[in-house]
Structure formats: structure tokens, C-alpha cells
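Quick notes on the structure that follows.
Throughout, read-outs are computed from the coordinates displayed, never taken from laboratory work. Computed from a prediction, not measured in an experiment: that's the story for all the values here. Every residue, glycine among them, receives a Cβ derived from its backbone with ideal geometry; neighbour counts consider all protein chains shown.
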Amino acid sequence: MGVEFEEYFRERRIALFRFAVVLTGDPALGDELVADVLGTAYERWAQVAAADNVHAYVRRMVVNEYLGWRRRRTRTAPVADLTVVADPARDHGDAYGDQQELLAELRQLPAKQRAAVVLRYYEGLSFAEIGAVLGSGENAVRSNISRALARLRIAMTDAGQPQPENAMEACP
């Protein structure tokens, strides 16, 4: 019957975890997401293993769980800014700062836009493959990615520009 669950788990667990961390923006949530999906995959392994591409099937399960989980979480979880309490110590390297800024901006994107960007630029999927994962057409995927990149471009450009302290300084 194709690949066994234990073999798949050994070979792909870390790749799924990395994908989920980029998708969620949080290692703890990424780990929880992968654990939930792998538990579901184990329970339905006969169906999963019958897929043409087992990894693509499980990756789609991760995306679907993320999209559903994010919707459920926004309805039920209290929203608070805990960065004052739980802000991790930051590395002052430029690359690390840029990466953290990008991840913070990714967290601000709507779920479908974020999933499309991560699938395109982290997983390297084509527009057609992303459409299949997200259950939408290629044009919708292109639109989501275009909107997300425009939003990221604006946010990242604005964040990098020094802001004048008062409105008079902005005038020539």
C-alpha cells in the first residue's frame, strides 16, 4: 500500500514543522498544528497513503487545518499584546532583524494571502498547485499573492523609512 506512516513521519516531520512555523509565525503553534494534522493523518492513513502524492496531500491538510484553526482561534481566543511580557531576546544581526520584520508582517496578512505566499515562496509551488491546495482557481491565487506582496512591500518600505517627528518636517 505505498509508504507506511512511520516512514513518512520520520522522513517528513521536520519539513512539515518548518512549513507550519512559516505559516503560523510561531514554533509552538506550528508544532501544535503539525501534531494535530499527523494525528488525523495517522487515523486515516489508508486514505492518505492512497493519494498520488502523499506529501502534497498532508501539506494540504496542514494548510486546511491552519485556515480553519485561524478562523476558530479568532472567534474564541482573547486578543492581547503579550510582547511586553514574552518578547524574546533579539539578535541584533541585520539578517535576523529583517527576517523577524518579515515574519511580523506576514502575520498581519489575511489567512489565504499568507498561505498562498508561503506555498509559493517557501514551498516553491506553482500557481496551479497552490490553487489545488487552497481549493481556488489560479487567478485567485495570483490575485492573493499580488495583494499580499503589495501589502508587504508597503509595510516593509514604510517600516524602513525614518518618520519625521512633526508634520512641518515633512514639508519641503
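Using the average count of surrounding beta-carbon atoms within 10 Å as a protection proxy, the listed peptides 142-148, 15-21 rank, highest first, as 15-21, 142-148.
Peptides 3-12, 102-111 ranked from most to least packed, by the mean per-residue count of other Cβ atoms within 10 Å: 102-111, 3-12. Once backbone amide H atoms are built at 1.01 Å from N, Leu125 has Arg120 as its partners under 5 Å, excluding neighbours fewer than 5 places away on the same chain.
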